[in-house]
Amino acid sequence: MAKRIVWTNTARKARRDILAYWIEHNGSKTYSKKLSGLFKRKVALLQSGHYLGRPTDFKDVRVSLVSHFSIFYKVQEEEIIIVGIWDNRRNPDDLHKNLEI
């Protein structure tokens, strides 16, 4: 059974910031639209295959890769909570500050 998807404010902001960065960096929305589609498809897969990602060191948080980004999420009884999106090329020491756990 598909679970309801809930995005935390932190995860929404991260997604917006990532997409805005690539629009500005490339001077075009093309890559951002592609990336947004990849995020949507991955979240749809997580909705029906909740445990596709692997466990993390964060309590009850799993991670699934999309290109060079990681989507961090929690599986609960009736919903999947997206707690963050992380660009894997960033300093891993900052990851903990960018997840709403």
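We did not get these values from a lab; they are worked out from the coordinates using the rules stated. As the structure is a prediction and not an experimental result, all values here were calculated from the model. All Cβ positions, glycine included, derive from the backbone under ideal geometry; neighbour counts span all protein chains shown.
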Task: Over 19 Å between alpha carbons, listed pairs Lys74/Lys97; Lys13/Lys97; Lys3/Lys29 - done: Lys3/Lys29
Task: Rounded to the nearest 20 debye, dipole of region 1-65 from Cβ charges on Lys, Arg, Asp, Glu - done: 260
TODO: Using amide H atoms built 1.01 Å from N in the peptide plane, name the residues 5+ places from Val83, or on other chains, whose amide H lies under 5 Å from its own.
DONE: Phe72, Tyr73, Lys74
Open item on the list: Modelling each spin label as a point 7 Å along the Cα-to-Cβ direction, I'd like the Tyr51/Asp94 distance in nm, to one decimal.
Closed with: 3.4
- [ ] Principal axes first, then extents: for the Cα atoms of the chain, list largest minus smallest coordinate on each axis, whole Å, largest first.
- [x] 42, 30, 21
Task: In sequence order, calculated HN-Hα J values of region 38-48 (Karplus, 6.51, -1.76, 1.60; Hz; x Gly/Pro) - done: 4, 4, 4, 5, 5, 5, 5, 5, 5, 4, 9
